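One structure is given here, and the rest of the page talks about it.
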């Protein structure tokens, strides 16, 4: 796709003959299927007014078109959209109110193995609970609560350690690891919001169990790589209702956990499901779960798409936040993952390229990176860790992040350069 010919237009400006490349909606992850106009899955030309009306009635507000493959239109070039989004994220990084104050009590390296152990345990618990749910068995809450408590304790010791493990994703274990990751990210999100530990645990339980309703979805639909039929689409959407019903029948479950599971596909503009709730009609924890669920889904490799690098996911979600998410809550989410999330490839003023391996509590713009490439010389380097906070003053030039870099340009898999825990199978 020739990116220089892509423009963003208002959906109301769509005309027959235009070639759609992107609906600027998070439904494009087939794992979510949010309000997908059924005739459109993937780039294609719109040909009739009826198709346009179907798109508008689905709640889509903005569309990307390729003017080289279809009719011309007034709009914003993709490069300008991306530049504006990058500047908005930079402004968030400059906001001192978003910085987490205070260093973690335990160093990253010391906590990493412990974090891997509790997360691996949580993955096994989720696997057992979901397997029981597929057999129609009652959910036993205590093992889930114990697993969440272990992850919360690790997060409070050093949040970067357990968050860094979100990069370790096995495609064949997506359902299990997505559940665990949503729980971890939600707990970190709540921590950034300075919520009490009791609330954090309840939210974590909701995150771990938010997709339990998928165990009532036929496996041929749940794991289908191609386009869903209308009937399959409706079956997929029912998983949220099933999740809520299962948790409502679970002894000892909190209302907070049920909000997380029952509202994670609602959207702030009312275009979500199952109830089409809008704005503050969606519980705050449901709004938070929607953000986290999308972030982990679109950064994960699936059989039908390659996951976005974390910084690309943040930019896309910033674009969507005008409609899909509570913009203020999105900004608070950025606080917990960073402007340059762990695993992001960044380029410095001095043309060194490195991978973000952990954040700095004092500044979202000065993470710790592992330098691996000299871009000017075009050669790989022996990996070296650099804390950009050590170069945050005016005295030392060249160590400011100027932009992110695409992983495929440098043929880099960030997960290979992250500190390796001894356990995490």
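The values are calculated or read from the model by the stated rules, or taken from the named source; none is laboratory data. Since we're looking at a predicted model, the values are computed, not measured. Cβ: placed from backbone, ideal geometry, glycine included. Neighbour counts: every protein chain shown.
Things worth noting here:
- All positions within the stretch 118-129 that are crowded, with 19+ Cβ neighbours inside 10 Å and either over 22 Å from the mean Cα position of the chain (by Cα) or outside any helix (DSSP H, G or I) (or both): 125, 129
- Residue that is farthest from residue 244 (Cα to Cα), among those in the stretch 194-222 that are surrounded by fewer than 17 Cβ atoms within 10 Å (Cβ to Cβ) and in contact (Cβ under 8 Å) with a residue 40 or more places away in the chain: 197
- Of all residues in the stretch 398-405, at least one satisfies being in the same structural domain as residue 363 (by TED's automatic domain parsing), more than 20 Å from residue 299 (Cα to Cα), at pLDDT 90 or above and over 26 Å from the mean Cα position of the chain (by Cα).
- Positions within the stretch 310-346 being in a loop (DSSP other than H, G, I, E, B) and either crowded, with 21+ Cβ neighbours inside 10 Å or touching a helix residue (DSSP H, G or I) at 6+ places or on another chain (Cβ under 6 Å) (or both), in sequence order: 321, 324, 325, 326, 338, 339, 340, 341, 342, 343, 344
Every residue, every condition in (1) touching a strand residue (DSSP E or B) at 6+ places or on another chain (Cβ under 7 Å); (2) outside any helix (DSSP H, G or I); (3) assigned by TED's automatic domain parsing to the domain that holds residue 368; (4) buried (at least 23 other Cβ atoms within 10 Å of the Cβ), yes or no:
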{"position": "270", "(1), (2), (3), (4)": "no, yes, no, no"}
{"position": "274", "(1), (2), (3), (4)": "no, yes, no, no"}
{"position": "297", "(1), (2), (3), (4)": "no, no, no, no"}
{"position": "350", "(1), (2), (3), (4)": "no, yes, yes, no"}
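- All conditions but one from (1) within 27 Å of residue 59 (Cβ to Cβ); (2) in a helix (DSSP H, G or I); (3) modelled with pLDDT of 90 or more apply to residue 203; the one that does not is (1).
- Total residues in the stretch 75-89, condition surrounded by fewer than 17 Cβ atoms within 10 Å (Cβ to Cβ) and in contact with a strand residue (DSSP E or B) (Cβ under 7 Å, 6 or more places away or on another chain): 2
- Given (1) farther than 20 Å from residue 175 by Cβ; (2) in a loop (DSSP other than H, G, I, E, B), number of the condition residue 259 does not satisfy: (2)
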